[in-house]
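Here, each number is a calculation from the coordinates, and none is a lab measurement. In this text the structure is predicted, and so the values were computed from the model without any measurement. Cβ sites come from the backbone with ideal geometry, for glycine too, and all protein chains shown count toward neighbours.
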Amino acid sequence: MKTIITDFNYLAAKTLDEALDLLCKHKDDDYRIIAGGQSLNTAMKHRLLTPEYILDIKGVADLDYVRFDEKEGLKIGALATHRSVELSPVVREKYEVLREMEENVASIETRNWGTLMGDLCNADPAVDPAPPLIALDAEITVSAKGEERTVPAEEFAVDFFETVVQPGEMATEIRVPPLPPNTGVHFMKYSQIHGDYALASASVLITLDAAKEQCVNARIGLGGVGVTPIRAKKAEEVLKGKKITDEVLAEAARVASEETSPISGIEASADYKRELAGTLVRRVGKEALERARRA
Amino acid sequence: MSEYSIIGKPTPNVDGPAKVTGEARYTIDMTLPHMLYGKLLRSPYPHARILSIDTSAAEKLPGVKAVITGKDTPGGKWGLWRRFRELSDQQALATDKVRFIGDPVAAVAATTEEIAERALDLIEVDYEPLPAVFDPIEAIKDDAPMVHEDFPSNINATRHIEWGDVDAAFAKADYIREDRFVLEAAHPCAMEVHNSLASYDKGTGRLTVWTSTGSPYFVQQNLADALKMREGDIRVIKPHVGGHFGGKNSTMPDSVNAAILSMKTGRPVKIVFNRDEEFTTTEHRTAQHMALKLGLKKNGEIVAFEVKAMTNGGAYTGLGATTLYLTGTFITMPYKIPNYRYDGVRTYTNIVWGTSIRGFGSVPGKYCSETQLDRAAKDLGIDPLEIRRINAVAPGYTAPGQYTFESCGIQPCIEKMAVRVKEKWPKIEQDEGIGYCAFAYMTGGIFNWIDTPYAYSSAHIKVNWDGTVDLYSQAADVGQGHNTVAAMICAEELGIGLDDIRLHMGDTAHAYTDLGAWGSRETLMNGNAIKDAAAQVKQKLIDIARMKLGENIAYDFVARDKRVFLELRPERGVSYYDLVKDAIRHNDGVPLTGTGHYTPHNKGMISPAYAMGIMAIKAKVDRETGHVTAQDVLVVHDSGQIINPLGARGQTEGCIHMGLGYGLCEEMPMDQGMLLNPEFVDYKILRTRDMPEIEIMHVPTYEPNGPFGAKEAAEATIAPAAPSLANAIYQACGAEFFSNVLKPEKVLKAIRAKEAQNNATSQAKK
Amino acid sequence: MKQQLNIVVNGEPRELFIEPKTLLVQVIREHLGLTGTHQACDSSSCAACTVVVDGMAVKSCSILALQVNGREVLTVEGLAQGPNLHPIQQAFIDNWAFQCGFCTSGQIMATKALLDENPDPTREEVQAQLDGHLCRCTGYNMINEAVRDAAKRIKAQKETANSEKGAK
Ligand SMILES: Cc1cc2nc3c(=O)[nH]c(=O)nc-3n(C[C@H](O)[C@H](O)[C@H](O)COP(=O)(O)OP(=O)(O)OC[C@H]3O[C@@H](n4cnc5c(N)ncnc54)[C@H](O)[C@@H]3O)c2cc1C
Ligand code: FES
Ligand code: FES
């Protein structure tokens, strides 16, 4: 069976400062950050990546957290594993959609060691956390030594397996604002086999007015239907300001599927994925609406 | 049949303690002192002439102990059964040209796996790419590139079967339908990849090979051919095997090259395939085109059936030619078909080759015939279960020149199914359907093309002074639970306990031949051999008991509960242990042994016995996504006397898992001969959440050819899963499938096609 | 350059010097000779290699060994107590929860982590937890039954232990 055959220099950080120092020092080297290694080790086994340096941040304890406060919302540190997000009581209580999403990411073994941030940084177009984070209007903090910037979730990935993170930088935190009242969010992914990467996925957030009649805000994130996860802005507009009926949802779904640019693969054609994205938006939107009404 | 004390009782696996503690050794777990690691360099071209190979840089890499190419091998060929020498087309390493992406061209042995891997990078091969052919229909065209120079039109094997007067019968049929199908390839995906450890003894010139195989004897034969050695100088040992499923019948380049490298270096050499090598270069279930023509009477009785198959054989023969033959046979079962014609062609193409994967000969064919039968039933307004009942065979049925069903429970199976379906699924919701498939499969292939001078199976028993029994056989437990079955049969016949039996299995040095675990043969064939060996020992014990008890009347004796006693007066008996002591001590210490064997006689071409039954699947379709959910499975099975109900259930559920995968998601898409999904991330096999609950019922018959009336349970139930599922979707929404692998997009298209057709018909009516 | 790795494996402290690229599964199988942990894929997608690290089921093929420095690793060889099989192991045997047995140590170790966390799982919970484990032999249902049977056995064992304590 395959092993990693290319040697690398291994450097491990124990704190965020140490990590940023290492990154600064090796900025111009051929390096890779390793968090859980759940994606990276496989890439190295297949010799798709053969970095000279491995900067291990798995032990950076000050980034291993899932926290919440009413004002700033939810904060997920870069070293929080999928599993700790899934099991976090506050996620369960306030951001149920993230727990639902997590339950179907890969398998429990991968979730136990792999980080949510690592998943985002790996930037597979079908990455599960992206659509709900887009719908939740999350931001990602990217840090370098002495610098920090934040990027909206929908702008984090820039291409196939490529993010905004530059040499010398690392992603450090995900921030999810508190949910406004009368808001419902849902996420679904479709894969033929359980626990697989999504053929397509969708997350919809709907905020209703005080009377719970009209939609005052809507956000839609889609996965697996482009080179990166996307935000379906035009479809959001279809929902905003309206009383959401099945017809309105169907129209939003149609518009959303037009906003996608999927790629044909061995599992399904681009056309199928496009249509699937619409179907998911409709189904997810309906549930999000129900949740908003109940909220 | 309650007269048995062991047979028929749920019996935990005799290998259980080893397998749950990690103590069980698989070949992949083994190392030997001074061992080297081997790796194969493989062709990146589907078809190319090898102009030159430069190994000098690789040889210079520190740690590399040998680099070999085709010219360094003994040059023997192997492949299909020995009877068909001209189809023995595999070689250790390609010499003149490569025939598929992955054909091995060089091999390296080094002190670590890593060095071996690096050495491969340093070998330079100069290829002249040749035009290649990937599809069977293209392959038989006149201007197609030739995969093997001596096989014009790339025809590797053909098969014709015919009985009755097919054309006359079609002429008189009330209803005829013709359908064409394309069946996708599937990989067996044993969890333990192919791997071998070879150790050549320089002093004696003998070779020992540990390998993950289903047939140590076949490997021994093939190694002898490949290495041009005497079989007797090669010992093949099968440790625990991490799955077989037909992919480990043949001998692959791992064992052959490990052996050659060991002969070159004088050190043990181990070769383990990577998972992508496993997918791209080891054998799979063949992709094929099929065309079926079915003629029925108005009442649903089959009057004529004609089948054409063209299989995408791949670069070599493997056991694919046998699969082609059996495809023409199993597609007729278990139905009365008075007039039948089959024409099968297996073509050589420039892809990895297909072979005898689990349920071989039945899986693709049954998919076609059973989905066709449902369409015919609908056209004629006959219930799908009823049309199967009408046509199902009765005991004693003979297909002319082909096969005879002695025990045969198909009719009662169908009756039981009809009752159970009504109870279990009284109501069918929107978008749900129930699909059926009747099935039958051989219990041990007869076809003696392996051309062995030995019996089909043999077993040897040595009874020790303390009553423990050493049972020796080459039979292969590959996970199917044969070790447990073997111990149970031996213990039952001798009337002793499983704790008395010590197994020594799967080693060519220990016993006479057993042909291995293929064609569902171990329970019946090896079971008969073991029973024969045990019966010989039992007779010796009975003779002593008779003398000891001084009976003047020749009452019948039985061996049971560790005693030998008079059947009619059970209180008169002797302890088994005392008898053993007497048998040895009072007989000059002559060993107490039995050597049993089994070879079928006058049982037709295929098999001495057939397991059969019917499956029903309730499934649901999502009309918007095309997702198909197999919700629930029912099987009624005539597997003869069940030896071990636990094992039989395990085999059936495993078959259904694999069969559903064939029907839902497993496929091997290629681009110019390159497999596009050679890892488990992309090759989908069903996971636990994808599996429905399964209810299995038995209609036990007594099979006169089987040990204690047993038949196989390992393969029959794989074929019906995919057609039952497709039929369920057909019943649910009318969508028709002419290919397996119901991926959501395909299902959605079929639903839309059906809707369009319905709209057109209703328009036309207006 | 080799680096030091200190881990506790099946209760025994181990000190090794390894190349940083070494994966945990290599330490377990090759360095320590614990071959009960198997590998069936090269893409982190079969879970045959599952071991328990600090109570968590993880894939040993996808973790740099140095990342478990200072932690406790439990492999299938460490489950039985002396000559006595662990109830999970016995339940796997009694329920015919394996055939070839190649995926079994991974399934058993994931079960160990599951039952430590959730002592009475439903069929669906077992499915969710073991979903990453590919098995080509069993069709999974008999594994699922074994896991739930193991849960019962562990519960019964605890009850007996408690009542014995109570009796004293
Ligand atoms: C079989 C399998 C199935 C999977 N299925 C799914 C699925 O269904 N849905 C899904 O969403 N995911 C899935 N994944 C992906 C999985 O979630 C990721 O592998 C995991 O989350 C990665 O986290 P990690 O900490 O192990 O990252 P690593 O593997 O360590 O890193 C991944 C990449 O991100 C970079 N990186 C990591 N952390 C940072 C950081 N803080 N800043 C900058 N760069 C960083 C690394 O350099 C590397 O390039 C699957 C993975 C496997 C192996
Ligand atoms: S070996 Fe397959 S996941 Fe580890
Ligand atoms: S028991 Fe064979 S793979 Fe699971």
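Observations on the structure shown:
- For the range C:101-152 versus the range B:415-455, the spacing of their alpha-carbon centroids is 28 Å.
- Dipole of the protein assembly as shown, positive end: most advanced residue of B:234, B:260, B:716 [Cβ charges, Cα centre]: B:716
- Cα gyration tensor shape of the range A:9-56, rounded if a/c is under 1.5, else prolate or oblate by comparing a/b with b/c: oblate
- Largest GNM mean-square fluctuation among A:168, A:223, A:36, using chain A with Cα springs under 10 Å: A:168.
- Each residue of the range B:687-700 was assigned a 3J(HN,Hα) from its phi angle through the Karplus curve 6.51 cos²θ - 1.76 cosθ + 1.60 (θ = phi - 60°); the sequence is 9, 4, 6, 8, 8, x, 7, 10, 10, 10, 10, 10, 10, x Hz, with glycine and proline shown as x.
- Ranked by how many other Cβ atoms sit within 10 Å of their own Cβ, fewest first, the residues B:97, C:158 fall in the order C:158, B:97.
- Farthest toward the positive end of the dipole of chain B, out of B:292, B:106, B:310, is the Cα of B:292, where the dipole comes from beta carbon charges about the Cα centre.
- Overall form of the range B:281-420 per C-alpha gyration tensor (a/c, 1.5; a/b vs b/c): prolate
- ³J(HN,Hα), Karplus 6.51/-1.76/1.60, whole Hz, each residue of the range B:503-519, x for Gly, Pro: 9, 9, 10, x, 10, 5, 7, 8, 8, 5, 5, 10, 6, x, 8, 8, x
- For the set B:366/B:754; A:14/A:71; B:620/B:754; B:366/B:620, the pairs lying more than 26 angstrom apart at their alpha carbons are A:14/A:71.
- Only helices enter the 222 nm calculation for chain A: every DSSP H run of n ≥ 4 contributes -39,500 (n - 2.57), and dividing by all residues gives -10000 deg cm²/dmol, rounded to 500.
- Taking amide hydrogens as placed 1.01 Å from N in the peptide plane, the amide H of residue A:126 sits under 5 Å from those of A:224, each at least 5 positions away in sequence or on another chain.
- ³J(HN,Hα), Karplus 6.51/-1.76/1.60, whole Hz, each residue of the range B:245-252, x for Gly, Pro: 6, x, x, 10, 7, 6, 9, 9
- Restricting attention to chain C, lysine pairs at least eight places apart or on different chains and with alpha-carbon atoms under 29 angstrom apart total 16.
- Only the Cβ atoms of Lys and Arg (+1) and of Asp and Glu (-1) were treated as charged; on that basis the dipole of the protein assembly as shown about its Cα centre amounts to roughly 2200 debye.
- Considering only A:168, A:16, A:280, the residue lying farthest towards the positive end of the dipole of the protein assembly as shown is A:280, judged by Cα position with unit charges set on Cβ.
- Counted by neighbouring Cβ atoms within 10 Å, the residues A:120, A:239 run from fewest to most as A:120, A:239.
- In chain B, helical runs assigned H by DSSP with n ≥ 4 each contribute -39500 (n - 2.57); averaged across all residues and rounded to the nearest 500, the mean residue ellipticity at 222 nm is -9000 deg cm²/dmol.
- For B:752, B:118, the sequence from fewest to most other C-beta atoms within 10 Å is B:752, B:118.
- Legend: residue pairs A:45/A:145; B:462/B:562; B:531/B:711; B:77/B:238; B:39/B:684; B:71/B:248, Cα-Cα distance threshold 20 Å; pairs beyond threshold, A:45/A:145; B:77/B:238; B:39/B:684; B:71/B:248.
- Amide H contacts under 5 Å for residue B:100, placed H, 5+ residues apart: none
- Under-5 Å amide H pairs with residue B:175, H placed in peptide plane, nonlocal only: B:296
- Net charge contributed by nearby residues that have their C-beta within less than 11 Å of residue B:39 (K/R +1, D/E -1): -3
- Whole-Å distance, taken between Cα centres, linking the range B:526-587 and the range C:32-78: 52
- Cα centre as origin, Lys/Arg/Asp/Glu Cβ charges: the range B:411-516 dipole, Debye: 360
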